[in-house]
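The structure appears below as structure tokens.
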Amino acid sequence: MFITNSWYCVERASEMSTLPFERIVCNEPIVFFQTAKSGILVALENRCPHRQAPLSMGKVVGDEIMCIYHGWTMNSAGACTHVPHQVNVSSNAAVKSYPIIEKWGFVWVWIGEPVRADQALIPEMPWLVAEDRSAVLSRFYVKANYQLMADNLLDVSHSDFLHASSFGSQAGKKGETDKVRQTMEVTSDNSAVRCVRTLRDVELSPMAAAWGGFTKQVIRTHRQKWSPPNTVNIELIMENDENKITINHDHIMTPETETTCHYLFGFTRDYNLDKGYPNDADVRREQEGVIGSEDVPMVEAQQRNKLRFGDPVDIPGQADKFLIAVHKRIAEQAG
Amino acid sequence: MFITNSWYCVERASEMSTLPFERIVCNEPIVFFQTAKSGILVALENRCPHRQAPLSMGKVVGDEIMCIYHGWTMNSAGACTHVPHQVNVSSNAAVKSYPIIEKWGFVWVWIGEPVRADQALIPEMPWLVAEDRSAVLSRFYVKANYQLMADNLLDVSHSDFLHASSFGSQAGKKGETDKVRQTMEVTSDNSAVRCVRTLRDVELSPMAAAWGGFTKQVIRTHRQKWSPPNTVNIELIMENDENKITINHDHIMTPETETTCHYLFGFTRDYNLDKGYPNDADVRREQEGVIGSEDVPMVEAQQRNKLRFGDPVDIPGQADKFLIAVHKRIAEQAG
Amino acid sequence: MFITNSWYCVERASEMSTLPFERIVCNEPIVFFQTAKSGILVALENRCPHRQAPLSMGKVVGDEIMCIYHGWTMNSAGACTHVPHQVNVSSNAAVKSYPIIEKWGFVWVWIGEPVRADQALIPEMPWLVAEDRSAVLSRFYVKANYQLMADNLLDVSHSDFLHASSFGSQAGKKGETDKVRQTMEVTSDNSAVRCVRTLRDVELSPMAAAWGGFTKQVIRTHRQKWSPPNTVNIELIMENDENKITINHDHIMTPETETTCHYLFGFTRDYNLDKGYPNDADVRREQEGVIGSEDVPMVEAQQRNKLRFGDPVDIPGQADKFLIAVHKRIAEQAG
């Protein structure tokens, strides 16, 4: 079961065009496209009412989409407006239309009752479009339940192990517990659950050190915010007497099925906007490389292992405080 | 459930040899081969009675097939005639044998009670072997229920959309309904359901125009005949004051499983038999290219979509008159 | 259901190192490694108790293994000894540890109650480590139930058909029954079932003839011994007045799932130890080539066919005497 009456992020706005494509959201196959005439975004049930051909194989014509099998044509509300060689069209010839909007550079579709689709329910992420920042947006397909991908971000202690050789650090290894000091505070309000985690005396990996030109240990602070249904905004600050840099990591998980999800990701930086390294291409290469080869395989392995072992009970550590608070909030909302 | 006591087409006669191969027909795995001594066609249950190894991995020896695992040998009736190092063979060592015949250049196997296997039940297709015609036979494997593939041929209105840029036309698009005039007549008798569909003022695609050397619009007539279990014979006539050409499209769908089928296809032409274009190689390239890249992917997508959406009710159009009549006949026969 | 309280062979000892790897044994995913400090072998449930990440993705550190996701560290008993940034570790943070030993060049894991893990239960195969022999060990992954792989070895009459052109002979073909004389004796005791099968006047394939430099027909004797749960030791003697050679074929089948297994194999020879052909590389190439391209595909095809045909009753031949005796013993032990 999935949370309904929610906005789900499916793509980056830059990817929308008159070439229709499919995303399955909460088990519902949906065709997405931008119309040729008005340029509006459309999301329809991905089937022709005639013979169930996928509309995503069709062609956008004007403000409509034509099924490529027998030429039936649907408008943006999902109603069939034309059957070849036929004057009248049955009013039963129609498919479901979904509310859809663009916000923060992403495309969001509403799963639930259309009348409740309130744009204000989308979390605020103004840095993604701010003048003094530079944002890079990515999409990943993950063969795991969306919550496992979210949990990855709710316990950022993983960055010093899974990412030890890429953008993590060497903190937290056995025998080094006392040297790197950790603090962690979790708070909740009606709309969100938040966490601030600080590590002192962190020796950065070469990649992370290069971003800020750090040559010495830093204080590293993660300010995290979870919003329903599945957005995790992380403000990551790395600082010492040499420099201070801020990164906004935005992670939005959209269920495809119970065991697969779409993972939309933004990396916004406030540093080196005019300088050589990193530029946006560097950021994309680094982030898509590391997430694609470290986080995604781990989360997919976790999903397979949970299924194989019959979903054993997790044993939490102190670093799971934030994750536990979010899971509790989700259970309250479901209940 | 599949219709039994029927002939099912599995291959072209030209493909039969002493190299055994398997086809699954109506969920039954069957090994096919031609014997080395008498040259007869044989169809047996594809398992050795000893240890269930597939006989299709075996070797044809004389008029028999030897299992490659332990050397047990079966005759064309499915009886084991030899067990190595053993004088007597149990009469239980036997597998099922199927009636099999060659007709119209195709190989047909009988699923049902062998005593009811009447060769006269195979639909007549004499043009496939006529002196003044040239026939090209093809086989496709389709990951869809055989009826979805048959439905493709029962509604030929798809040719102007799915095949718009290959062998269709530009008729029927929204806004053009009145310009291209369609008539359609459906009739039934005890053995078959028939349809005649005529479009006037048809502007052909370049490929179809080239077949008859047409430079102007044509009258295009499809004479269709459906015979049980799943044969659709289409006589396609394109004509104007420049030329008249006739094509026989023969489509025979054989269920493999509920969601896969074998699709045997014949294209017989009465034109350009001695001239350059199209020769048989052109026909094979064009037809296998278009069906393989346009019809088969569409029908497979339809199958997947029907499963994903829980098999929604189709909304018919006027062009579905023939398809509806055939479905009704099938339902009557199923009882 | 699998037989428990048994040793199962999972790998060759030569493959063990500090690089952890997974084998699924009797449906249980297990991580195997050799520790860096003491060099002992360890087998643990392949999951971290924290969040179920596979430990096989982790790193061996000293005598422990660290999960790569969040750095939790487990000792060889499966107890968590370290959680990053945390002083105390919950005693619930633990996974199952399996008894594991090395014997005869193979690694064995105990599935069942650890206190019953008696090393004496592993079948004796002293030739594998004898001074005057040379042994080559191989591993195959087979997509079939382990018993189907074992049955392959319990009916060696397959060697003259499946391996006719590799290391079999031309004996037993239809029409040749009387020329090659077979004898076969089956005996049982408490620990094992045994069979001696002798063929006289055997014309060897070129490969088998070359091993012993045979130019004439031989007497070929298979002395077979089956031990629970699934070891088949075969002593193969080929002899005539030119030469006599002895090969020990050891076959150990370990269930992965109901329809897949690990197949460990040893080929030990007493001939040509100092001469050119065959050397160990020849043996490996020949045996892995023939088993991988002849036995494994056949057994996998048999598995698929049994599933497709609903597991028909096998019809045994006289050569199945040993196989039937072993199946009877297995049924008695299960019952």
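The values are calculated or read from the model by the stated rules, or taken from the named source; none is laboratory data. None of these values were measured; they are calculated from a predicted model. We place every Cβ from the backbone using ideal geometry, glycine too, and count neighbours over all the protein chains shown. Accessible surface areas use protein heavy atoms only, side chains included; no ligands, DNA or RNA. Shrake-Rupley method; radii C 1.70, N 1.55, O 1.52, S 1.80 Å.
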Among the residues that make up the range A:259-282, is at least one of them within 13 Å of another protein chain (Cβ to nearest Cβ), over 25 Å from A:ASP201 (Cβ atoms) and not charged (D, E, K, R)? no
Elements of type strands (runs of 3 or more DSSP E) contained in the range A:1-116, each with 3 or more residues being more than 11 Å from chain B (Cβ to nearest Cβ) and crowded, with 17+ Cβ neighbours inside 10 Å: A:6-12, A:28-34, A:41-45, A:106-111
Give the number of residues within the range B:122-161 that are open to solvent by 20 Å² or more (accessible area, probe 1.4 Å) and at pLDDT below 95. 2
Pick from B:SER205, B:SER165, B:SER159: which is away from chain A (no Cβ under 11 Å) and among the small types (Gly, Ala, Ser)? B:SER205
Residue within the range B:283-293 that is closer than 21 Å to B:GLU124 by Cα, open to solvent by 30 Å² or more (accessible area, probe 1.4 Å) and free of Cβ contacts under 8 Å to residues at least 60 places away in the same chain present: no
Within the range A:120-142, can you find the residues that are over 15 Å from A:GLN287 (Cα atoms) and either assigned to a loop (DSSP other than H, G, I, E, B) or touching a helix residue (DSSP H, G or I) at 6+ places or on another chain (Cβ under 9 Å) (or both)? A:ILE122, A:PRO123, A:GLU124, A:MET125, A:ALA130, A:GLU131, A:ASP132, A:ARG133, A:VAL142
Do the conditions hold for A:ALA319, that is, is it in contact with a helix residue (DSSP H, G or I) (Cβ under 6 Å, 6 or more places away or on another chain), surrounded by 15 or more Cβ atoms within 10 Å (Cβ to Cβ) and in contact (Cβ under 8 Å) with a residue 24 or more places away in the chain? yes
A:ASP274 versus (1) over 21 Å from C:ILE68 (Cβ atoms); (2) among the charged types (D, E, K, R); (3) surrounded by 17 or more Cβ atoms within 10 Å (Cβ to Cβ): which is the lone unmet condition? (3)
Per the filter on the range C:215-242, residues within 22 Å of C:GLY289 (Cα to Cα) and out of contact with any Pro (no Cβ under 6 Å at 6 or more places or on another chain) are C:HIS222, C:VAL232, C:ASN233, C:ILE234, C:GLU235, C:LEU236, C:ILE237, C:MET238
Which number in (1) within 20 Å of C:ASP295 (Cβ to Cβ); (2) within 22 Å of the chain's Cα centre (by Cα); (3) open to solvent by less than 10 Å² (accessible area, probe 1.4 Å) marks the one condition that C:LEU199 misses? (2)
Select, from A:THR198, A:THR221, A:THR215, the only residue that is among the β-branched types (Val, Ile, Thr), outside any strand (DSSP E or B) and assigned by TED's automatic domain parsing to the domain that holds A:GLN147. A:THR215
Which of the residues belonging to the range B:58-82 are aliphatic (A, V, I, L, M) and without any contact (Cβ under 8 Å) to a residue 24 or more places away in the chain? B:MET66, B:ILE68, B:ALA77, B:ALA79
Of the residues that make up the range B:294-312, is at least one open to solvent by less than 60 Å² (accessible area, probe 1.4 Å), more than 14 Å from chain A (Cβ to nearest Cβ) and either over 14 Å from B:ALA208 (Cα atoms) or part of a helix (DSSP H, G or I) (or both)? no
Whichever residue in the range C:222-245 is surrounded by 18 or more Cβ atoms within 10 Å (Cβ to Cβ) and of a type in the set (Val, Ile, Thr) and, among such residues, is farthest from the chain's Cα centre (by Cα): C:ILE245
Looking at C:TYR271, is it touching a residue at least 12 places away in the same chain (Cβ under 8 Å), of a type outside the set (Lys, Arg) and in a loop (DSSP other than H, G, I, E, B)? yes
